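The values are calculated or read from the model by the stated rules, or taken from the named source; none is laboratory data. Just so you know, these numbers come straight off a predicted model, no measurement behind them. Don't worry about glycine lacking a Cβ; one is built from the backbone with ideal geometry, like all the others, and counts go over all protein chains shown.
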């Protein structure tokens, strides 16, 4: 199968199947500091596994001094930490690329912010005694399927240093409730700041290994590649992005917005995984102005912004873009790659202000 759609080609049946299994966050969900669970974006690579919490065990092995086997009750007895974390799918924005890479056809809605509760992974790894010759930890989920003609469990890895960062959790609650099946029940990895593919769901095993992991999801599925024979660079942390709640009311089919003239407050959120958000700008028909930032929700969560607009009658294009503390700003021209990953192109919203 070709890796990209033909010029002008509409959504394929296979893409539609993926789109009906997965879901994005409706952009009006940006009004909530913490996204309701039912509105949080969702991507399931294979099937949602049937996991029994009572018999579930997490095995920690490989290059460790003391292999462990932990139950859900064992994890709940350990020190707990709760963090607000913004999570975004690495494929967010894929369907806005031309030619369109064939996969889950995300526009801009593959994001959400939840409060996650779990126990820090670093403490468990310390108890297991990761050996000095271990360079990475491989995380295995219970979901199994075929991708790239390879039958596989979903697996990803982190270096020992990345995995032992204090914010990395083995999470068992989302928004104060046990994880729902589609979000990784009973336990998932949570790696704040990184794209969602890193936070392995339905976690069953952690293995310390002596060489970099070369599984499909690590070196093939989530790499920036300009061509099929390009070895590429790994996808890691979330790129800077701002999104706007589309103002006014929508047309059912086209989603084009309409609103009355006069004072309108535009609202949205901004986030990134490399550095804190320090600036958001709003574009009105290509003319940019500074928005007002709200207080940070947390070190690893999005930040609110507002902009007061005196809307004149007519057809308008509203845009927003974020800048982080490293000076990185969202692009107005997308950077194409084979898998359609991390496309943080500036959002545009078409509105009609009624006379």
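So which residues in the stretch 173-187 are part of a strand (DSSP E or B) and touching a helix residue (DSSP H, G or I) at 6+ places or on another chain (Cβ under 6 Å)?
Correct list: 174 only.
Could you list, in sequence order, the residues of the stretch 237-251 that are in contact with a helix residue (DSSP H, G or I) (Cβ under 8 Å, 6 or more places away or on another chain) and in a loop (DSSP other than H, G, I, E, B)? Passing the criteria: 245, 246. Please indicate, with yes or no, whether at least one residue in the stretch 121-134 is in a loop (DSSP other than H, G, I, E, B) and in contact with a helix residue (DSSP H, G or I) (Cβ under 9 Å, 6 or more places away or on another chain). There is at least one residue in the stretch 121-134 that is in a loop (DSSP other than H, G, I, E, B) and in contact with a helix residue (DSSP H, G or I) (Cβ under 9 Å, 6 or more places away or on another chain). For the stretch 316-338, a residue qualifies if it is part of a loop (DSSP other than H, G, I, E, B) and surrounded by fewer than 21 Cβ atoms within 10 Å (Cβ to Cβ), and the qualifying residues are 325, 326, 327, 328, 331, 332, 333, 334, 335, 336, 338.
Check off (1) under 21 Å from the mean Cα position of the chain (by Cα); (2) at pLDDT 95 or above for residue 318 and give me the number that stays unchecked. (1) is the only condition that residue 318 fails. For the criterion of being touching a residue at least 60 places away in the same chain (Cβ under 8 Å) and in a loop (DSSP other than H, G, I, E, B), residue 211 passes.
Scan the stretch 268-290 and give yes if some residue there is outside the structural domain of residue 149 (by TED's automatic domain parsing) and touching a helix residue (DSSP H, G or I) at 6+ places or on another chain (Cβ under 8 Å), otherwise no.
Yes; the residues of the stretch 268-290 include at least one that is outside the structural domain of residue 149 (by TED's automatic domain parsing) and touching a helix residue (DSSP H, G or I) at 6+ places or on another chain (Cβ under 8 Å).
For the stretch 15-34, what are the residues that are over 20 Å from residue 250 (Cβ atoms) and either surrounded by 12 or more Cβ atoms within 10 Å (Cβ to Cβ) or touching a helix residue (DSSP H, G or I) at 6+ places or on another chain (Cβ under 8 Å) (or both)? Listed by number, the residues that qualify are 15, 16, 18, 21, 22, 33, 34.
Residue check: is residue 142 more than 17 Å from the chain's Cα centre (by Cα) and over 27 Å from residue 52 (Cβ atoms)? Judged against the criteria, residue 142 is not a match. Checked against the criterion of being over 19 Å from residue 173 (Cβ atoms), at pLDDT 95 or above and within 18 Å of the chain's Cα centre (by Cα), the stretch 55-73 contains not a single residue that satisfies it. So residue 222 clears everything in (1) at pLDDT below 95; (2) in contact with a helix residue (DSSP H, G or I) (Cβ under 6 Å, 6 or more places away or on another chain) except one condition, right? Which one? Residue 222 satisfies all of (1) at pLDDT below 95; (2) in contact with a helix residue (DSSP H, G or I) (Cβ under 6 Å, 6 or more places away or on another chain) except (1). List pairs: first residue in the stretch 4-24 and over 16 Å from residue 340 (Cα atoms), second residue surrounded by 15 or more Cβ atoms within 10 Å (Cβ to Cβ) anywhere in the structure, Cβ distance under 6 angstrom, at least six positions apart or on different chains. Going by the 6 Å Cβ cut-off, the qualifying pairs are 22/42; 22/43; 22/104; 23/42; 24/41; 24/109; 24/110.
If the condition is being exposed (fewer than 13 other Cβ atoms within 10 Å of the Cβ) and within 16 Å of residue 84 (Cβ to Cβ), then the stretch 35-49 contributes only 36.
Let's see how each residue does on (1) modelled with pLDDT under 95; (2) within 20 Å of the chain's Cα centre (by Cα):
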site	(1), (2)
214	no, no
230	yes, no
234	no, yes
239	no, yes
244	no, yes
256	yes, no
261	no, no
270	no, yes
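Could you please let me know if residue 33 is in a loop (DSSP other than H, G, I, E, B) and without any contact (Cβ under 8 Å) to a residue 12 or more places away in the chain? For residue 33, the condition - in a loop (DSSP other than H, G, I, E, B) and without any contact (Cβ under 8 Å) to a residue 12 or more places away in the chain - is not met.
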